[in-house]
1. In contact with a helix residue (DSSP H, G or I) (Cβ under 7 Å, 6 or more places away or on another chain), aromatic (Phe, Trp, Tyr) and modelled with pLDDT of 95 or more: is that true of TYR83 in this structure?
2. Taking the stated definitions as given, is TYR108 touching an Asp or Glu at 6+ places or on another chain (Cβ under 7 Å) and open to solvent by 60 Å² or more (accessible area, probe 1.4 Å)?
3. Of the residues TYR108, TYR97, TYR104, which single one is of a type in the set (Ser, Thr, Tyr), out of contact with any helix residue (DSSP H, G or I) (no Cβ under 9 Å at 6 or more places or on another chain) and on the phi > 0 side of the Ramachandran plot?
4. Give all pairs with beta carbons closer than 8 Å in which a residue from segment 1-24 that is free of Cβ contacts under 8 Å to residues at least 24 places away in the same chain and over 26 Å from VAL88 (Cα atoms) meets a residue that is open to solvent by less than 90 Å² (accessible area, probe 1.4 Å) and assigned to a loop (DSSP other than H, G, I, E, B); count only pairs at least 6 apart in sequence or on separate chains.
5. Quick check on my filter: what residues within segment 1-25 are within 30 Å of ASP98 (Cα to Cα), polar (S, T, N, Q) and modelled with pLDDT of 95 or more?
6. Name the pairs whose Cβ atoms lie under 7 Å apart, with the first residue in segment 95-119 and more than 18 Å from THR30 (Cβ to Cβ), the second outside any loop (DSSP other than H, G, I, E, B) and among the basic types (Lys, Arg), and 6 or more positions between them or separate chains?
7. Confirm whether TYR108 is among the hydroxyl-bearing types (Ser, Thr, Tyr) and over 15 Å from the mean Cα position of the chain (by Cα).
8. If the Cβ limit is 6 Å and pairs must be 6+ apart or interchain, which residue in segment 37-53 that is under 20 Å from LEU25 (Cβ atoms) and without any contact (Cβ under 8 Å) to a residue 40 or more places away in the chain pairs with which residue that is open to solvent by 20 Å² or more (accessible area, probe 1.4 Å) and of a type in the set (Val, Ile, Thr)?
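The values are calculated or read from the model by the stated rules, or taken from the named source; none is laboratory data. Only a predicted model underlies this, so the values are computations on that prediction, with no experimental measurement involved. For neighbour counting, all protein chains shown are included, and Cβ atoms are generated from backbone atoms with ideal geometry for every residue, glycine included. Protein only, heavy atoms only, side chains kept; ligands, DNA and RNA dropped before computing areas. Shrake-Rupley method; radii C 1.70, N 1.55, O 1.52, S 1.80 Å.
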Amino acid sequence: INNGKKVMGSITAPPVTLGAQGPFLLRAWTYVNVEPSFSVDKVFIIVDDGVSQTQVWSKADIGGTTAWQFVQTEVNLSDFGDYAGATVNLIFVFDSYDQKNNDYEGVYFDDVELVWPCP
């Protein structure tokens, strides 16, 4: 991300239709090697249910960095709304917010899964 410019990007996962009842858990192995300050190099996950977009996770949830290792992240989406039966998209976002101090490796999400109980 060190190109002398402000860097940002996002990726939207394919839609998933959730079950009739929660809890709905989002799990991912997460690697964050960016500026640890919460005011720059923002990393977050948004749930888009077609009606609204809700931020459900940010790098603040892991203290700003994962210290050069993958850590498992888990978010209970039920804490953010009633997603029962909803079709959702997960949006993964990075925004450096400035062109300074961008000589870090970046962000990775791996083995992303949404899980909920069987009816």
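1. Numbers: in contact with a helix residue (DSSP H, G or I) (Cβ under 7 Å, 6 or more places away or on another chain): yes; aromatic (Phe, Trp, Tyr): yes; modelled with pLDDT of 95 or more: yes.
For TYR83, the condition - in contact with a helix residue (DSSP H, G or I) (Cβ under 7 Å, 6 or more places away or on another chain), aromatic (Phe, Trp, Tyr) and modelled with pLDDT of 95 or more - is met.
2. Numbers: touching an Asp or Glu at 6+ places or on another chain (Cβ under 7 Å): no; open to solvent by 60 Å² or more (accessible area, probe 1.4 Å): yes.
Against the criterion (touching an Asp or Glu at 6+ places or on another chain (Cβ under 7 Å) and open to solvent by 60 Å² or more (accessible area, probe 1.4 Å)), TYR108 does not qualify.
3. Numbers: TYR108 fails: on the phi > 0 side of the Ramachandran plot; TYR104 fails: on the phi > 0 side of the Ramachandran plot.
Among TYR108, TYR97, TYR104, only TYR97 is of a type in the set (Ser, Thr, Tyr), out of contact with any helix residue (DSSP H, G or I) (no Cβ under 9 Å at 6 or more places or on another chain) and on the phi > 0 side of the Ramachandran plot.
4. Note: no pairs meet the criteria.
5. At the first step, the residues of segment 1-25 found to be within 30 Å of ASP98 (Cα to Cα) are 1-14.
Right, trim to polar (S, T, N, Q) and you get 2-3, 10, 12.
Passing the criteria: SER10, THR12.
6. TYR97/LYS42
7. Numbers: among the hydroxyl-bearing types (Ser, Thr, Tyr): yes; over 15 Å from the mean Cα position of the chain (by Cα): no.
When the stated conditions are applied, TYR108 does not pass them.
8. As it stands, the answer is GLN53/ILE46, since those pairs meet every condition given.
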